[in-house]
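The values are calculated or read from the model by the stated rules, or taken from the named source; none is laboratory data. Not measured: the values here are computed from a predicted model. Every residue, glycine among them, receives a Cβ derived from its backbone with ideal geometry; neighbour counts consider all protein chains shown.
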Amino acid sequence: MIVGPGAVGSMLASNFYLSLDKGAYPFKIRLGGSKQSSCFTKKHLEEIKRNVLYLKTDSNLNFYTKPQIDFVPSLEKADFVIFAVKNFDLLKASENYFDSISSSSVILVVSNGIDAFEKINKKIHKKKLFRGLIETGCELNEPGKILQHGEAKIEISPNDSGLVSRNNDFEMIKFFFENAGFAVSTSKDSHLSEWKKFMANCLINPLATLFNCENGKIVDEPILDIFFKLASELQQLVDSEKLPIDVKSRVLEIAKNTSSNQNSMLKSFLNGKKSELQEMTGEVLRLAGNRKLHLPLNNFLFSALKIIEDKNKM
């Protein structure tokens, strides 16, 4: 069960369908929405239910997939649940789909942002929670059609250091993703993993949104100089957390791997939807304030984008 039929959730549903929904003992791949889904999301789900979910990759490989669609939460229990909703929707989604989760269900959270586990329904058993950080670009530009950019990669970590005691659950997650063609890396430190992805999101997303460009363009002139200055500011925050992350080199790698991707924040701005600006740059500024760090470029980015976002809502 994949909760969140946006770009990432739909991309995962397609890849899992291709690898798991066949054979003597096929897995049922379900993609779930909610009563509060947007008009576009409802059209997307209806298109998949009526026809197919079309997946196109950078290498011009085209696939037609058919995951099962749940317009509203199902009472059928899922063995494996992936939450792929926006960070600010995690609590609502985990409450809505609580009846689809059993005591033995393994849960993976792939939403952006830090402290994602804190936003999950407290009734869900924390020992069954894992964190997944996806570094694959994907776009949902029209109902029923997904574009996938760059290498399919994910880093998986538990919600604490108890990795060994939950080895079977961990191996199951690895099995699903490796069979779906993902390069899987692992970490015992979900906090470090979250911060690696958080820094990438907080550099790529607002910068590419401000310049209305694909991810790869921010590491080209004339934006490259701003990229380096923003990376330097974010490095200050990482160093204050005492985390072993080289912001510039890590984000350069991710921007190149997803070079042709339009990120989720930019998509939200272009479509007049609520973005994760507050959960990304806003959170950077909150943490910087707590540590008495001065990050002027992040301040500018947040103020400029907030003006645009508020105007889009009018």
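Of note:
- Test: residue in region 120-142 that is surrounded by fewer than 20 Cβ atoms within 10 Å (Cβ to Cβ), over 24 Å from LYS92 (Cα atoms) and touching a His at 6+ places or on another chain (Cβ under 9 Å): yes
- In region 91-119, the residues that are assigned to a helix (DSSP H, G or I) and either surrounded by fewer than 15 Cβ atoms within 10 Å (Cβ to Cβ) or not acidic (Asp, Glu) (or both): LEU91, LYS92, ALA93, SER94, ASN96, PHE98, ASP99, SER100, ALA116, PHE117, GLU118, LYS119
- Filter pass, ASN167 being surrounded by fewer than 16 Cβ atoms within 10 Å (Cβ to Cβ), not aliphatic (A, V, I, L, M) and not assigned by TED's automatic domain parsing to the domain that holds MET280: yes
- Residues in region 152-186 that are assigned to a loop (DSSP other than H, G, I, E, B) and at pLDDT below 90: ASN159, ASP160, SER161, GLY162, LEU163.
- Meeting the requirement of 3 or more residues that are buried (at least 16 other Cβ atoms within 10 Å of the Cβ), over 15 Å from the mean Cα position of the chain (by Cα) and without any contact (Cβ under 8 Å) to a residue 60 or more places away in the chain, the helices (runs of 4 or more DSSP H) wholly within region 196-284 are 224-240, 247-257.
- So PHE88, is it more than 18 Å from ALA180 (Cα to Cα), touching a residue at least 24 places away in the same chain (Cβ under 8 Å) and surrounded by fewer than 22 Cβ atoms within 10 Å (Cβ to Cβ): yes
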